[in-house]
Amino acid sequence: MQNKNISIFGYGITTKPLINFIPNAIYYDDNCKKDYIDEDGRTIKPSTAFNPQTSNLEITSPGIPPSHPLIKQANNLISEYDFFKETKPLKIWISGTNGKTTTTQMMQHLLAKNGSIAGGNIGTPLAKLNPDAPIWILETSSFTMHYTKEAKPDIYVLLPLSPDHLSWHGNMKKYIADKLSPLARMQEDDIAIIPKVYKDTPTKAKLFTYEDENDLAKLFNINTDKVNFKGAFLSDALLAMSVKKILFNELDYKKINSFILDPHRQEELYDKQKRLWVNDTKATNLDATIAAVKRYENNFIHLILGGDDKGVDLTELFIFLQDKKVKIYAIGSNKEKLVKLSNSFNIAVEKSKNLQDAIFKIEKNLTQNEVALLSPAAASLDEFTSYAQRGNEFKETIKTNF
C-alpha cells in the first residue's frame, strides 16, 4: 500500500481513521475549497482536483452517490469493507430496511462475552475496530454494499426490505440488488439468514429463509413465550438469538430480555390520565410504520403521519391502513399528499399545522383504550433537525401539557 497512490473520497467519520493504515493517502472532499493539511497530517484537496490518471486505488465514503463525479471518474474503486477484507475476525453483516441497528445492538449484547465488537453504520468505522477481536458485528448499509466488490460476510443477516434511499440507488430493483449482492461472494462454509422471498438468489452459502418471527422461532427452536419483546422488536431479538445459536448452540433468554431498547422506536409513555402515547419517530419509511401499526392494531389508533417522504409511493401503506381502526393526523411537507391518499382510501384524516397541533387535536378525543401513535413514515428534516428532535418534542409536549 505504501507504494501506491491512494485516493480517499470524503473527509468524514468513516474515512478519517484510514490515515492509520494509509498515511500517504490524499483525501478529496466537496467541502474543501483549497488544499490543506489537517492536525493529524491528512492531505485534503477539493473534489475537483482528483486526477484518475495519477491514482492507483480509490476508497470511497459510502454516502457518496454513484452519480458523483468522483465515483464516475474512479478506475480502481473499493469500499472500506474491501480494504479490510483480509482481517481475521469472523464477520457478521446485518442489513435490511428497518431494525438493523436494534438487531446489531442485540447481537452485540448477546455475543459480547464471546469477544465480539460492533461497528459499521452503528457508529464505529472498520478502521477503528480491533483487528484481533474474534468477531466483528457490522451494521451494513446498502450504500456500503453497492461499492463492495470483494469482501463478504461469514454470516449475513438480512431483515425485510421496503422502499428506501431510492433516489440514491435509482429504483427498488437496484436497491434490492445491492442488499443481496453479498450472497454471490459467499462460500459453502458461510451462512445467510434472509427473507423467504429472496430464497432463489444464487449463492453457495447455507441459507435459512423466513417469512416472519414464527418461521425464525421454528428454524432455531426458540420459545417466543420466553422472549419479552413484541412486534418488530421480537424479530430483531430472534435474529440476534439465531446467530448466537448458530455460533455457540446457546439460547440465553435472560440475557436477551435484559437488553434495553434505544429511545424513539415504539417508545411508550402515559399521560396523567393513563392514556397511551407512542413515540415511534424513528419510523421514517412505510415499512416501519406498518410494523408499529401492527403492534397496536387491536386498539383504535390516532396516527400522526408526515414529513419528507423523499417521493416514495405510500399507496402500500394506505392499502394496509384501510381496514384498520385508525384516524390519520397529517403533518409535514407531504401533508397534502397524505390527505389526498386518505380520502382515496376512505380513511379518516385531519390536516394539522404541525406536530404540536396534531398532538392537541388527538388529546381532545383520546380515550384510555386507544393509542396515540407518532409513526411518520417520513424523514424529519423538513421541519426538524433530526428524527430525535421530532420525538423529543412529541414527548415534551405530552409531559408538559397532559
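The values are calculated or read from the model by the stated rules, or taken from the named source; none is laboratory data. Source: prediction; values computed, not measured. Cβ atoms come from the backbone with ideal geometry, glycine included; neighbour counts cover every protein chain shown. The accessibility values were calculated without ligands, DNA or RNA, using every heavy atom of the protein model including side chains. Shrake-Rupley method; radii C 1.70, N 1.55, O 1.52, S 1.80 Å.
Could you pull out the trypsin sites (Lys or Arg not before Pro) across the range 126-186 that fall in loop regions by DSSP (anything but H, G, I, E, B) with no more than 15 other Cβ atoms inside 10 Å? Working shown, then result.
Numbers: sites: K128, K149, K173, K174, K179, R185; in loops: K149.
Sparse-neighbourhood loop trypsin sites (Lys or Arg not before Pro): K149.
Can you give me the accessible area per residue for the range 142-244, using a 1.4 Å probe, in Å²? Please report the intermediate quantities before stating the final value.
On the way: 4500 Å² over 103 residues.
Counting only protein heavy atoms, the per-residue value for the range 142-244 is 44 Å².
Using a simple spin-label model with pseudo-atoms 7 Å out from Cα toward Cβ, A184 and F360 lie 5.5 nm apart.
Remark: the range 1-128 carries 46 Å² of accessible area per residue (probe radius 1.4 Å; ligands, DNA and RNA excluded). The heavy atoms of I122 present about 50 square angstrom of accessible area, all protein chains included, probe 1.4 Å.
Apply the a/c threshold of 1.5 to the C-alpha gyration tensor of the range 1-78 and tell me whether it is rounded, prolate or oblate. The shape class here is rounded. Within the range 143-226, the GluC sites (Glu not before Pro) that combine a DSSP coil assignment with at most 12 other C-beta atoms in a 10 angstrom radius are E150, E188, E211.
Need one word for the range 193-344: rounded, prolate or oblate. Basis is the Cα gyration tensor (sqrt eigenvalues a ≥ b ≥ c); a/c below 1.5 gives rounded, then a/b vs b/c decides. Oblate.
Give the residues of the range 58-91 whose amide nitrogen is closer than 16 Å to a point set 7 Å from the Cα of N31 in the direction of its Cβ. The answer is 61-65.
For the pair Y270 and N51, label points projected 7 Å from Cα toward Cβ lie 7.0 nm apart.
In order along the range 247-252, phi translates into HN-Hα couplings of 7, 10, 6, 10, 10, 10 Hz, rounded to whole numbers, per the Karplus curve 6.51 cos²θ - 1.76 cosθ + 1.60 with θ = phi - 60° and x for Gly and Pro.
Distance from the alpha carbon centroid of the range 1-39 to that of the range 96-165 works out to 24 angstrom. Restricting the trypsin sites (Lys or Arg not before Pro) of the range 60-105 to loop positions (DSSP other than H, G, I, E, B) with no more than 12 neighbouring Cβ atoms within 10 Å leaves nothing. If the chain linking I246 and E396 were pulled fully straight, counting 0.36 nm for each residue of separation and taking away their Cα-Cα distance, it would gain 49.7 nm.
Within the accessible area of the range 145-281, the carbon and sulfur atoms contribute 49%, probe 1.4 Å, all protein chains present.
Calculate the dipole size of the chain relative to its Cα centre from +1 charges on Lys and Arg beta carbons and -1 charges on Asp and Glu beta carbons; express the result in debye to the nearest 20. Write down the numbers at each step before the final one.
Working: 51 positive and 49 negative charges, 71 e Å.
With only Lys, Arg, Asp and Glu charged at Cβ, the dipole is about 340 debye.
Helix content alone sets the calculated 222 nm mean residue ellipticity of the chain: runs of n ≥ 4 DSSP H residues at -39500 (n - 2.57) each, divided across all residues, give -8500 deg cm²/dmol. Note on K196/N257: beta-carbon distance plugged into 1/(1 + (r/R0)^6) with R0 of 41 Å gives a FRET efficiency of 0.90. Measuring r between the beta carbons of E86 and D38 and using R0 = 35 Å, the FRET efficiency lands at 0.80.
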